[in-house]
Amino acid sequence: MITSPWYSLHPYPEVPLFRYLEEAATRHPARPCLITPGGPALSFAQVNEAARRASRLLRSDVAHGDRVVFL
């Protein structure tokens, strides 16, 4: 039984996930990021742009206390 926290061998910065996506889209824009069964592969640039678009929509029309559903 493990009774102590797991410690990493390398220090990792506390960075939001979207920053990693932006960095990957900058370094490797055309590389596959998401591969769906029976569908097209989406590149890092495509996924990053979709995330940025969703973020802009949420910031523009969602107020504190509003409910948001992701499908």
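The values are calculated or read from the model by the stated rules, or taken from the named source; none is laboratory data. Computed from a prediction, not measured in an experiment: that's the story for all the values here. Cβ placement follows ideal geometry from the backbone for every residue including glycine, while neighbour counts extend to all protein chains displayed.
Which number in (1) modelled with pLDDT of 95 or more; (2) surrounded by 10 or more Cβ atoms within 10 Å (Cβ to Cβ); (3) touching a Phe, Trp or Tyr at 6+ places or on another chain (Cβ under 9 Å) marks the one condition that ARG27 misses?
(2)
Return the residues of region 31-71 that are in contact with a strand residue (DSSP E or B) (Cβ under 9 Å, 6 or more places away or on another chain), surrounded by 10 or more Cβ atoms within 10 Å (Cβ to Cβ) and either hydrophobic (A, V, I, L, M, F, W, C) or not in a loop (DSSP other than H, G, I, E, B) (or both); say none if nothing qualifies.
Scanning region 31-71 gives PRO32, CYS33, LEU34, ALA41, LEU42, SER43, PHE44, ALA45, GLN46, VAL47, ASN48, ALA50.
Basic (Lys, Arg) and in a helix (DSSP H, G or I) - does that describe any residue in region 14-25?
The answer is yes; a qualifying residue exists.
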